[in-house]
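Before any comments, here is the structure.
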């Protein structure tokens with residue numbers, strides 16, 4: 001159970017210096033629009049790509065690394081995703097678009113967590129996808145987007161052994177799968193959520209990746225999410241499963 005390790009990690013978070021509680025300083029938004037084909041505008045474009053990510057004040061290396069992370073997403077989209085998406089479109093009178101918005105969900109001395117929402121209308125189909133980005137602000141991984149095993153303390157910041165990384169990821173995933181599946185079974189029994197009748201735990205595991213499908217709330221607790229229509233009716237939207245950090249650590 002390694003309960004002593006769980007308690008130590010939890011206490012270290014609770015006793016973090018209050019002087020650092022403000023976290024990162026958000027100065028604005030990294031935002032823009034791309035119109036396709038070249039030379040078109042917001043009205044004439046066949047495809048519009050809009051994005052908005054947080055922009056941090058340049059207070060040091062950690063802030064620059066987080067800004068660079070979002071700069072890379074923008075650059076990669078412009079170089080590859082946008083041209084490839086545009087090439088798949090057939091000529092149509094209805095404008096297609098991708099709209100990316102983001103919200104800072106947690107900003108304390110330990111973590112900076114962002115929830116990114118991507119809404120797309122391509123052809124005649126609308127799609128929504130969530131992505132959580134949780135950045136460490138302290139230690140050797142400061143400024144990097146971390147996965148669940150690092151957040152739970154199952155991996156050291158400098159761990160580079162693929163076997164250890166895979167083992168820790170499998171352990172973190174199994175923990176969350178068990179907790180989420182218990183909630184799903186209860187909700188199905190009570191008719192609270194329109195899950196698919198034939199949903200199995202194996203299908204949940206095929207559609208949900210706890211190591212990356214999470215963000216932190218304002219208290220620093222993880223919220224896991226499953227994309228809309230993956231395991232339940234699309235009318236339910238994105239399904240969320242919040243836990244306290246203490247709950248997860250107690251189960252390790």
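The values are calculated or read from the model by the stated rules, or taken from the named source; none is laboratory data. The structure displayed is predicted, hence computed values, not measured ones. Here Cβ is always computed from backbone atoms with ideal geometry, including for glycine, and neighbour counts include all displayed protein chains.
Quick notes on this structure:
For (1) surrounded by fewer than 13 Cβ atoms within 10 Å (Cβ to Cβ); (2) modelled with pLDDT of 95 or more, each residue gets a yes or a no:
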{"site": "134", "(1), (2)": "no, yes"}
{"site": "150", "(1), (2)": "no, yes"}
{"site": "158", "(1), (2)": "yes, no"}
{"site": "162", "(1), (2)": "yes, yes"}
{"site": "194", "(1), (2)": "no, yes"}
{"site": "205", "(1), (2)": "no, yes"}
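- Scanning the range 47-77 for residues that are under 18 Å from residue 120 (Cβ atoms) and within 21 Å of the chain's Cα centre (by Cα) returns 49, 50, 51, 52, 53, 73, 74, 76, 77.
- Of all the listed residues (216, 175, 199), the sole one being more than 28 Å from residue 101 (Cβ to Cβ), assigned by TED's automatic domain parsing to the domain that holds residue 232 and touching a residue at least 40 places away in the same chain (Cβ under 8 Å) is 175.
- Residue list for the range 188-214, filter: within 30 Å of residue 150 (Cβ to Cβ) and in a helix (DSSP H, G or I): 201, 202, 203, 204, 205, 206, 207
- When restricted to residues that are over 30 Å from residue 95 (Cα atoms), surrounded by fewer than 19 Cβ atoms within 10 Å (Cβ to Cβ) and touching a helix residue (DSSP H, G or I) at 6+ places or on another chain (Cβ under 8 Å), the range 39-82 contains 2.
- Residues within the range 86-115 that are surrounded by 12 or more Cβ atoms within 10 Å (Cβ to Cβ) and not in a strand (DSSP E or B), tallied: 6
- The one condition in (1) more than 24 Å from residue 116 (Cβ to Cβ); (2) modelled with pLDDT under 95; (3) not in a helix (DSSP H, G or I) that residue 39 fails to fulfil: (2)
- The condition (being closer than 30 Å to residue 143 by Cβ and surrounded by 13 or more Cβ atoms within 10 Å (Cβ to Cβ)) is satisfied by just one residue among 239, 154, 199: 154.
- Unmet requirement for residue 65, which otherwise passes all of (1) out of contact with any strand residue (DSSP E or B) (no Cβ under 6 Å at 6 or more places or on another chain); (2) without any contact (Cβ under 8 Å) to a residue 24 or more places away in the chain: (2)
- Any hit, the range 51-66, residues being assigned to a helix (DSSP H, G or I), modelled with pLDDT of 95 or more and closer than 22 Å to residue 118 by Cβ: yes
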